[in-house]
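The values are calculated or read from the model by the stated rules, or taken from the named source; none is laboratory data. These numbers were taken from a predicted model, which means no experiment stands behind them. These area figures cover heavy atoms from the full protein model, side chains too; ligands, DNA and RNA do not enter into them. Shrake-Rupley method; radii C 1.70, N 1.55, O 1.52, S 1.80 Å.
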Amino acid sequence: MERFSADVNTLSNKMTAGEPPEVVERMSFVKQRLIELYKKNMVKINHSAMELVCAKHLIHYGYTVDVEKQLTDILVCDLYATKGDGEAIVEIETGFIPPEHALDPLSYYSARIASKISRFSKFANLFVLATPPVSILPIHRTFGRPPRDRKYVELEQVKLLCDKYYRNPPVSLNHILNGRLHMIYIINIDDGKVIEIDVESYLQAFGNMMSM
C-alpha cells in the first residue's frame, strides 16, 4: 500500500507541478480514487500509472475525470470524463494476453479491441483507445470508416471474430455497425504525457503490420 501510494503521488505531483489549483484538485480526486481501488485489490500500479497520465491529459482540456466507472452490470470503463454535456471514455490496452490464449494471441487481442469499440463507444461522445508505445492495437479496418461507409462483409468478419471469444453476452452486429473509435492515445509514462493520433493515421502507419 505504501509503495503504491508513493508511486501515484510521485507521478501526480510531477504532472501537476506549476498547474492551477483546479487541475491539482481534479488530479487529486483521481489519485485518491486509485488508492481506494488499490485497497480493494481492484487496480495495479502499471495500469494506474497509465490512467493517471490519461486523466491529466483530459483534465488539461477541461474534463472532470473518474476512473473504473461502472457503465452497466458487466461493463466498467477505465476513464470516464465529462465536460459540459459531453462525455469521453478512454480504455487502456497494454497488449497483455492471458496464458489460455498463448496460441491465438492476435485473434484474441483483435476480438477484445473490436468488442470494446462496439460495446463501450455508445456511452460517450468521444471514445478513445490508449496504449503505451510498446504495444500495437490490432484495430479492424472497418472502424476506420463511419458507419454509413462500412461493408457488410467486414461487419460479418468482426462479428465472427467476437463470437469466438465473447458469447455471454455476445457482441451484436448492430453494436459493431455503430461502434465508433475517435482517437488513439499513445501513453508516455516516463514524461507523463499523451500523444494523440487520429484513427486514419494510425491505421495507415500500422495497417500492413496488423494485416499479417
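Would you mind calculating the relative contact order of segment 63-125 from Cα pairs under 8 angstrom and at least 6 residues apart, reporting the percent as a whole number? Intermediate results must be reported in sequence, preceding the final value.
Values: 69 pairs, mean separation 17.1, N = 63.
Value for segment 63-125: 27 percent.
Heavy-atom accessible surface of segment 71-177, averaged per residue, reaches 49 Å², computed with a 1.4 Å probe. Only helices enter this figure: runs of n ≥ 4 DSSP H residues, each worth -39500 (n - 2.57), summed and divided by the residues of the chain, yield -15000 deg cm²/dmol at 222 nm to the nearest 500. All C-alpha to C-alpha distances of segment 19-62, sorted into 5 Å bins beginning at zero, yield P(r) values of 5, 23, 31, 20, 13, 7, 1 percent in whole numbers.
Taking segment 91-137 as the region of interest, what is the percent of Cα-Cα pairs per 5 angstrom bin, listed from the shortest bin to the one with the maximum distance? It works out to 4, 20, 27, 24, 16, 6, 2, 0, in whole percents. Which values of log₁₀ I(q)/I(0), to two decimal places, follow from the Debye formula for segment 82-212 at q = 0.11, 0.17, 0.22 Å⁻¹ with a uniform point scatterer at every Cα? Summing over Cα pairs of segment 82-212 leads to -0.38, -0.93, -1.50.
Calculate, in whole percent, how much of the Cα-Cα pair population of segment 3-154 lies beyond 18 Å. Before the final figure, lay out the partial values.
Working: 7158 of 11476 pairs.
Value for segment 3-154: 62 percent of Cα pairs lie more than 18 Å apart.
Using 31 Å as the Cα-Cα cut-off, could you pick out the over-long pairs in Lys44/Lys164; Lys31/Lys164; Lys14/Lys122? Don't skip to the answer; put the middle values down first.
On the way: Lys44/Lys164 28 Å; Lys31/Lys164 37 Å; Lys14/Lys122 34 Å.
Table pairs above 31 Å Cα-Cα are Lys31/Lys164; Lys14/Lys122.
Which whole-number percent gives the relative contact order of the chain, counting Cα pairs below 8 Å spaced six or more residues apart? Walk me through the numbers on the way to the answer.
On the way: 316 pairs, mean separation 37.4, N = 212.
Contact order relative to length: 18 percent.
Among Pro99, Pro138, Pro21, the largest mean-square fluctuation in a Gaussian network model of the chain (Cα springs under 10 Å) belongs to Pro99. Computed over protein heavy atoms with a 1.4 Å probe, the carbon and sulfur contribution to the accessible area of segment 79-212 reaches 54%.
Here the translational diffusion coefficient of segment 113-190 follows from Stokes-Einstein with Rh set to the Kirkwood radius across Cα pairs; for 25 °C and 0.890 mPa s it amounts to 187 µm²/s. Using C-alpha pairs below 8 Å separated by at least 6 residues, the relative contact order for segment 98-212 is 33 percent. Rounded to the nearest 10 degrees, the inclination of helix 2-16 to the longest alpha-carbon principal axis of the chain is 90 degrees. Helix 199-211 and the long axis of the chain differ in direction by around 60°, with both axes built from C-alpha atoms. In the assembled protein chains, Asp191 presents an accessible area of approximately 90 Å² (probe radius 1.4 Å).
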